[in-house]
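Engineer: Dumping the structure here so I can ask a few things about it.
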Amino acid sequence: MKTKLKICGIQSPEEAAILVHDNIDFIGLNFIPVSKRCINLETATAILNQELGDTVPVLLFANESISEVLDMVNKLHVTDVQLHGGEDSHYIELLNEAGITVIKSVPLGSSSTYDSAYSYITNHANASFYLLDREIQGDGDSVSLGLATKLSENYQIFLAGGIGHENIGQAITSVKPYAIDIASGVRDSIKLNLDKLNQVLAQIRSLE
């Protein structure tokens, strides 16, 4: 199966239009207040009011109340969310019952092992997908490809954490994840860098 691509941190309708034109599979809209890529409801509405084709929007939250997540999902008519906080299996189940697809982040550090990651995933077993990411987003070493490969054998994995055009080819061929998730790897701070994006897409095309 071809690895899908998700670009996170969408800042404007113009950025979204570029990614839709490039047939990006998923775009991430960040509602985590501490993130420099966080946007407000007005911006998100403008992004999602345009034709997205087959591109699936995903809303990012961390430790937000269930009521707030459901409210945002309903206002924006979105069915996919990504959770980066301490949300437990009951929280995920409530979203599942509302027809929402959940991607749960799995924070991985230098001391993480297969057993520790497996335990974390088991405690969130009702998520549809798992995002392997660094413990602190945008900071630290990239996620271990060896660990990611083992997890990808048993779970639907979005692989994130320090991926750009320099290493996306190795990440795809080694891990074979369901999807690659990139934010800073195609950006200058918060702004989308078209050269970096095109380099990423060229690397993906070279594998086809």
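The values are calculated or read from the model by the stated rules, or taken from the named source; none is laboratory data. A quick note: this is a predicted structure, and the numbers were derived from the prediction, not measured. Because the Cβ atoms are built from the backbone with ideal geometry, glycine has one as well, and the counts that use them run over all protein chains shown.
Engineer: Quick check on my filter: what residues within segment 1-17 are over 16 Å from the mean Cα position of the chain (by Cα) and farther than 27 Å from Lys176 by Cβ?
Structural biologist: Those that are over 16 Å from the mean Cα position of the chain (by Cα) and farther than 27 Å from Lys176 by Cβ: Ser12, Pro13, Glu14, Glu15, Ala17.
Engineer: Something else now. Could you check segment 173-197 and list, in sequence order, the residues that are in contact with a helix residue (DSSP H, G or I) (Cβ under 7 Å, 6 or more places away or on another chain) and of a type in the set (Val, Ile, Thr)?
Structural biologist: Those that are in contact with a helix residue (DSSP H, G or I) (Cβ under 7 Å, 6 or more places away or on another chain) and of a type in the set (Val, Ile, Thr): Val175, Ile180, Ile182, Val186.
Engineer: Pick from Leu145, Leu131: which is touching a residue at least 24 places away in the same chain (Cβ under 8 Å) and more than 16 Å from Lys6 (Cβ to Cβ)? Working first, answer last.
Structural biologist: On the way: Leu131 fails: more than 16 Å from Lys6 (Cβ to Cβ).
Checking each option against the conditions leaves just Leu145.
Engineer: Let me ask something else. Quick check: anything in segment 111-125 crowded, with 16+ Cβ neighbours inside 10 Å, in contact with a Gly (Cβ under 9 Å, 6 or more places away or on another chain) and either assigned to a helix (DSSP H, G or I) or modelled with pLDDT of 95 or more (or both)?
Structural biologist: no
Engineer: From the list Val102, Val69, Val81, Val56, pick out the single residue that is of a type in the set (Val, Ile, Thr) and without any contact (Cβ under 8 Å) to a residue 24 or more places away in the chain.
Structural biologist: So the residue among Val102, Val69, Val81, Val56 that is of a type in the set (Val, Ile, Thr) and without any contact (Cβ under 8 Å) to a residue 24 or more places away in the chain is Val81.
Engineer: Tell me, please, whether a residue that is touching a Pro at 6+ places or on another chain (Cβ under 7 Å) and not acidic (Asp, Glu) can be found in segment 77-85.
Structural biologist: Yes, there is a match, as at least one residue in segment 77-85 is touching a Pro at 6+ places or on another chain (Cβ under 7 Å) and not acidic (Asp, Glu).
Engineer: Here's a follow-up. When you scan segment 22-93 for strands (runs of 3 or more DSSP E) that lie fully inside it, which ones turn up with 3 or more residues that are within 18 Å of Asp181 (Cβ to Cβ), acidic (Asp, Glu) and at pLDDT 95 or above?
Structural biologist: none
Engineer: Looking only at segment 175-182, decide whether some residue is out of contact with any Leu (no Cβ under 9 Å at 6 or more places or on another chain), touching a residue at least 40 places away in the same chain (Cβ under 8 Å), closer than 27 Å to His21 by Cα and among the charged types (D, E, K, R).
Structural biologist: Yes, segment 175-182 has at least one match.
Engineer: Please find, within segment 1-51, the residue that is nearest to Ala171 (Cα to Cα) out of those that are touching a strand residue (DSSP E or B) at 6+ places or on another chain (Cβ under 7 Å) and of a type in the set (D, E, K, R).
Structural biologist: Filtering segment 1-51 for residues that are touching a strand residue (DSSP E or B) at 6+ places or on another chain (Cβ under 7 Å) and of a type in the set (D, E, K, R), the one nearest to Ala171 (Cα to Cα) comes out as Lys4.
Engineer: Here's another thing I want to ask about it. Name the one entry in Gln199, Gln156 that is touching a strand residue (DSSP E or B) at 6+ places or on another chain (Cβ under 6 Å) and surrounded by fewer than 20 Cβ atoms within 10 Å (Cβ to Cβ).
Structural biologist: Gln156
Engineer: Within the set of pairs 6 or more residues apart or between chains, which connect a residue that is within 14 Å of Ala117 (Cβ to Cβ) inside segment 150-164 to a residue that is among the β-branched types (Val, Ile, Thr) and surrounded by fewer than 19 Cβ atoms within 10 Å (Cβ to Cβ) with Cβ atoms less than 8 Å apart?
Structural biologist: Leu151/Ile121; Tyr155/Ile121
Engineer: Determine whether segment 131-151 contains at least one residue that is farther than 22 Å from Leu83 by Cα and either assigned to a strand (DSSP E or B) or of a type in the set (Gly, Ala, Ser) (or both).
Structural biologist: Yes, some residue in segment 131-151 is farther than 22 Å from Leu83 by Cα and either assigned to a strand (DSSP E or B) or of a type in the set (Gly, Ala, Ser) (or both).
Engineer: Mind checking which residues of segment 75-87 are loosely packed, with under 12 Cβ neighbours inside 10 Å and farther than 13 Å from Leu29 by Cβ? Write out each step before concluding.
Structural biologist: Filtering segment 75-87 for residues loosely packed, with under 12 Cβ neighbours inside 10 Å gives 77, 86.
Across segment 75-87, the qualifying residue is only Gly86.
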